[in-house]
Amino acid sequence: MTDEIRAKVRAVLPGIRKDLEDLVRIESVSADPARAGEVQRSAEAVAALFEAEGFDVKISSADGGAPAVIAHKAGPEGTPTVLLYAHHDVQPENDHAEWVSPPFEPTERDGRLYARGAADDKAGIAAHLAAIRVFGDDLPVGVIMFIEGEEEVGSESLTALLAQHRDELEADVIVIADSGNWDIGVPALTTSLRGLVRADIEIRTLTHAVHSGMWGGLVPDALITLSRVIATLHDDQGNVAIEGLYAGPAADVDYPEERLRAESGAVSGIEWIGSGSTVERLWTKPALSITGLDAPKVDGASNTLVPSARAKISLRVAPGDTTDSAVACLEKHLRANLPWGAELGFTVVDTGEATRIDATGPAYDAARAAFQEAWDGTAPVDMGVGGSIPFIAEFLEAFPQASVLVTGVEDPDTRAHGANEGLHLAEFERVCIAEALLLRNLAG
């Protein structure tokens with residue numbers, strides 16, 4: 001049966017690739033209001049693909065959100081229902097000059113298909129479609145498709161959408177194809193993801209700018225003050241120094257030094273920060289970065305004391321912690337370490353909860369067996385992700401009885417969200433085989 005499924009996947013792959021390339025050519029950038037029509041066109045194209053497979057399909061939205069595709073096809077009586085998730089919106093392509101080939105024209109080079117959305121996450125849609133085409137009208141389980149249209153802008157209407165269609169989306173198993181694998185040739189189930197708190201802080205020391213010669217040495221400027229505040233956020237080893245944040249253990253997985261260097265893009269002499277194992281620092285401990293600064297530019301700066309300066313803080317929250325607790329700890333730390341009587345403005349921009357999945361039980365056994373078969377005997381890794389996919393926590397909350405499997409098509413060199421995003425085509429074939437095997441296994 002496994003060989004038959006492999007053969008059927010290979011037979012449908014040329015058509016699947018054509019459908020994927022057609023989807024990629026649609027510029028469904030949900031962050032760009034000018035391309036809202038493209039997001040709608042993308043939803044319609046996805047709906048048409050599943051209508052052609054005999055699904056009952058609708059396009060829906062909630063609270064003014066982007067269009068999502070919901071589709072159903074029944075399986076044999078008494079078999080489980082499996083919800084297959086992906087998203088059809090994509091990140092902005094940004095500077096076209098950074099792309100080797102046009103970002104919305106799929107181009108194959110050295111075994112990868114390059115384009116915005118070629119991996120994240122239109123390949124997730126394509127993998128679901130491939131598994132369905134393998135079985136045609138003989139699906140081994142009931143299948144619900146849920147293809148979201150605003151994941152790349154934070155899934156703001158997802159809670160309302162899940163509530164609006166709760167009965168239609170009820171499933172025994174939920175497969176979320178929006179993560180990745182451990183390495184080329186090594187599959188993975190994602191079992192934890194960090195949460196996220198983004199906050200803007202503003203430091204003010206003056207009501208207006210004044211001459212640096214006349215007042216320097218007495219009045220602190222906002223940039224120096226902000227720098228001192230930022231310096232308190234880590235200890236000398238580079239660990240986050242905010243009291244009260246949770247940190248937990250990670251799986252016993254080796255992350256080779258040469259992979260770390262290659263995948264991170266770190267300059268040759270850089271030293272790693274923090275303490276604990278590599279994967280603890282990347283997956284299960286908090287991390288904090290300054291991702292933006294508002295201050296006068298160096299070119300053209302005058303001899304004045306800067307009255308105010310702003311920074312954007314990106315705090316990754318460890319699985320097991322909550323964003324409410326993390327926000328409180330962060331603000332308390334900032335206020336406790338504010339020097340010289342400066343004023344602090346603190347604004348939470350957005351948050352997303354961390355996820356920790358207990359990946360035990362029959363559905364997870366079925367997934368691991370499918371992955372091992374698809375990857376020719378290589379057992380999957382239980383992997384953490386340092387980034388955040390907040391909507392997973394929403395699925396866990398909305399459908400607590402379901403087994404949630406987080407899978408995906410990405411690999412360490414996918415470059416999702418960046419220029420030259422690419423899908424490894426040989427790995428994509430294995431993903432399609434694994435998903436077809438999973439549907440077969442879940443029927444049992």
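Here are some notes:
- Pairs where the first residue, in segment 107-131, is free of Cβ contacts under 8 Å to residues at least 60 places away in the same chain and the second is assigned to a loop (DSSP other than H, G, I, E, B) and surrounded by fewer than 24 Cβ atoms within 10 Å (Cβ to Cβ), C-beta under 7 Å, 6+ apart: THR107/SER101
- Selection status of VAL267, surrounded by 12 or more Cβ atoms within 10 Å (Cβ to Cβ), closer than 27 Å to THR414 by Cβ, out of contact with any Pro (no Cβ under 7 Å at 6 or more places or on another chain) and not aromatic (Phe, Trp, Tyr): no
- If only residues of segment 209-234 that are in a helix (DSSP H, G or I) and touching a Ser or Thr at 6+ places or on another chain (Cβ under 7 Å) are counted, the one that is most open to solvent (accessible area, probe 1.4 Å) is SER212.
- Selection from segment 299-343 of residues that are in a helix (DSSP H, G or I), open to solvent by 60 Å² or more (accessible area, probe 1.4 Å) and of a type in the set (D, E, K, R): ASP324, LYS332, ARG335
- In segment 83-92, the qualifying residues are those that are open to solvent by less than 20 Å² (accessible area, probe 1.4 Å) and in a loop (DSSP other than H, G, I, E, B), and the one that is nearest to MET145 (Cα to Cα) is HIS88.
- Pairs, first open to solvent by 10 Å² or more (accessible area, probe 1.4 Å) in segment 428-444, second part of a loop (DSSP other than H, G, I, E, B), C-beta under 6 Å, six or more apart: ARG430/TRP375; ARG440/PRO140; LEU442/PRO80; LEU442/VAL141; ALA443/THR79; ALA443/PRO140; ALA443/VAL141
- Evaluation of GLU394 against (1) at pLDDT 95 or above; (2) open to solvent by less than 60 Å² (accessible area, probe 1.4 Å); (3) of a type in the set (D, E, K, R); (4) farther than 24 Å from ILE184 by Cβ (one fails), failing number: (1)
- ASP413 vs. criteria surrounded by fewer than 20 Cβ atoms within 10 Å (Cβ to Cβ) and either in contact (Cβ under 8 Å) with a residue 12 or more places away in the chain or in a helix (DSSP H, G or I) (or both): yes
- Within segment 271-281, the set of residues being in contact with a Lys or Arg (Cβ under 9 Å, 6 or more places away or on another chain) and under 22 Å from ILE313 (Cα atoms) comprises TRP272, ILE273, GLY274, SER275.
- Failed item in (1) over 20 Å from THR81 (Cβ atoms); (2) in contact with a Ser or Thr (Cβ under 7 Å, 6 or more places away or on another chain), with GLY377 passing the rest: (2)
- The condition (being among the aromatic types (Phe, Trp, Tyr), more than 22 Å from PRO249 (Cα to Cα) and surrounded by 21 or more Cβ atoms within 10 Å (Cβ to Cβ)) is satisfied by just one residue among PHE371, PHE346, PHE399: PHE371.
- Residue match in segment 262-271 (condition: in contact (Cβ under 8 Å) with a residue 24 or more places away in the chain, more than 23 Å from the chain's Cα centre (by Cα) and either under 20 Å from SER192 (Cβ atoms) or outside any loop (DSSP other than H, G, I, E, B) (or both)): no
The values are calculated or read from the model by the stated rules, or taken from the named source; none is laboratory data. A quick note: this is a predicted structure, and the numbers were derived from the prediction, not measured. Glycine also receives a Cβ, built like all others from the backbone with ideal geometry; neighbour counts cover every protein chain displayed. Accessible surface areas use protein heavy atoms only, side chains included; no ligands, DNA or RNA. Shrake-Rupley method; radii C 1.70, N 1.55, O 1.52, S 1.80 Å.
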